[in-house]
1. Hey, can you tell me all the residues within the range 135-145 that are surrounded by 15 or more Cβ atoms within 10 Å (Cβ to Cβ) and closer than 14 Å to residue 191 by Cβ?
2. Restricting the range 243-264 to residues that are exposed (fewer than 11 other Cβ atoms within 10 Å of the Cβ) and of a type outside the set (Lys, Arg), which is nearest to residue 300 (Cα to Cα)?
3. Just for the range 301-316: of the residues that are charged (D, E, K, R) and surrounded by fewer than 13 Cβ atoms within 10 Å (Cβ to Cβ), which one is nearest to residue 284 (Cα to Cα)?
4. Have a look at 82, 26, 35 and point out the one that is surrounded by 14 or more Cβ atoms within 10 Å (Cβ to Cβ), of a type in the set (Lys, Arg) and closer than 26 Å to residue 164 by Cα.
5. Give me the residue from the range 329-352 that is at pLDDT below 95 and surrounded by fewer than 17 Cβ atoms within 10 Å (Cβ to Cβ) and, out of that set, farthest from residue 177 (Cα to Cα).
6. If residue 78 meets every condition in (1) closer than 19 Å to residue 188 by Cα; (2) in contact (Cβ under 8 Å) with a residue 24 or more places away in the chain apart from one, which number is that one?
7. Between a first residue in the range 19-39 that is over 19 Å from residue 187 (Cα atoms) and in a helix (DSSP H, G or I) and a second residue that is modelled with pLDDT under 90 and not β-branched (Val, Ile, Thr), which pairs have beta carbons less than 9 Å apart while being 6 or more apart in sequence or on different chains?
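The values are calculated or read from the model by the stated rules, or taken from the named source; none is laboratory data. Only a predicted model underlies this, so the values are computations on that prediction, with no experimental measurement involved. Positions of Cβ are generated from backbone atoms using ideal geometry, with glycine treated the same way; all protein chains shown enter the neighbour counts.
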Amino acid sequence: MGKFKSMIKEEIEQLSTEELQALLKKRKNDSAKFKVMQLGLKVTLNSAYGMIGNEYSRYYDVRIAEGITVSGQLSIQWIQRKLNEFLNKHLGVVDHDFSIAGDTDSIYLSLNPLVEKYCQGKTDAEKVKFLDRTCEKIIQPYVDKSYEELKEYMNAFQQKMKMSREVIADVGVWRAKKNYALNVHNSEGVQYDEPKLKIMGMESVRSSTPEVCRKAFKKGIEIILTKGEDAIQKYIKDFKKDFLSHSVEDISFPRGVNDITKWLQTEGFKLGTPIHVKAAISYNRLLNVSEYKNRYRSIRNGDKIKFIYLKKANPTKNNAIAYPDILPPEFELEDYIDYNLQFEKTFLGPIKSVLDVIGWTDKKVISLEEMFG
């Protein structure tokens, strides 16, 4: 592998600037293409498992479905235990838990004791390179060996478990399983000049969050991971001012709507009607009794809509209103928009749920001692 890498390096050094630019463009295109292919295969495999676990599928077999989930749990717990044993022995500590998180197909190790022992006085970049080499030369071979042991232990026909190091990060926060953010310095061997955020499952990557809030949430996470409590408190305060300056369409929730007739009744709504469906029904009712019903289209099943919260006392008698493209100004609902609740639901609530994990607050709390000296 080392010889192969040196050959590539020599070939690259012989390229002209134009050839390097062309190669870089091709590699970026290849990276995007293979990422899509990888995600496609992942969805296909997950769908296959879904069929096995669905009692209405011709491939349904609860024994196989249970075997898949239990095998996954075994493989993750096995490697967590093996790596804990290995690192405890290597670093001369006892019962230290290096595995800080784990989910369906990943584990996350805190290697602070390793860095403290071997990287005194080194820069962050040097620490990351040290961890990169350690993972490649020491931890990865041990992972492979451990899964070979698992194969023998389970008397498996072939060794199919593969796990490789993905990212090296200096700080991260977990809100739940598959719901975290990391400040990444190295991803799959690629060292970044500046750290990049890796966010999974949070509002910045959800299409159901307004775009302006997705961007703000991502920026907020970056501040949480890199700057501290005072900085995020100031950012929240500043963003609320910016939030209030946006149009209704910018800050509304995007959704897809179905089953309108299922939840519809002569007056009001059936018990348990989802908020966005209520909002769509309210829009249709308001439109149908207005003189503008031929100017705007009603909301139908399968439509992409947006909805926003309203103050309690409003002409719709509902706490939210939906619309297909724009909220008709003829409805005269601008004074009833509940901007504070919308801010709470789209941005403040989600960012507070991250702060709660850390033990921070969204605004500075003044103690009695500070207040009265």
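1. 135
2. Of the residues in the range 243-264, the ones exposed (fewer than 11 other Cβ atoms within 10 Å of the Cβ) are 245, 247, 261-262.
Narrowing further to those that are of a type outside the set (Lys, Arg): 245, 247, 261.
Working: 245: 30, 247: 24, 261: 9 Å.
In this case the residue turns out to be 261.
3. Filtering the range 301-316 for residues charged (D, E, K, R) gives 303-304, 306, 311-312.
Subsequent filtering for residues that are surrounded by fewer than 13 Cβ atoms within 10 Å (Cβ to Cβ) retains 304, 312.
On the way: 304: 14, 312: 19 Å.
Only one residue tops the list, namely 304.
4. Details: 26 fails: surrounded by 14 or more Cβ atoms within 10 Å (Cβ to Cβ); 35 fails: surrounded by 14 or more Cβ atoms within 10 Å (Cβ to Cβ).
The unique qualifying residue is 82.
5. The residue in question is 330.
6. All conditions pass for residue 78, except number (1).
7. 22/15; 23/15
So that you can scan it fast, the table gives a plain yes or no per residue for (1) surrounded by 16 or more Cβ atoms within 10 Å (Cβ to Cβ); (2) closer than 22 Å to residue 353 by Cβ; (3) acidic (Asp, Glu); (4) in contact with a helix residue (DSSP H, G or I) (Cβ under 8 Å, 6 or more places away or on another chain):
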| site | (1), (2), (3), (4) |
| --- | --- |
| 108 | yes, yes, no, no |
| 124 | no, no, yes, no |
| 127 | yes, no, no, yes |
| 147 | yes, no, no, yes |
| 164 | no, no, no, yes |
| 173 | yes, yes, no, yes |
| 186 | yes, no, no, yes |
| 190 | no, no, no, no |
| 202 | yes, yes, no, yes |
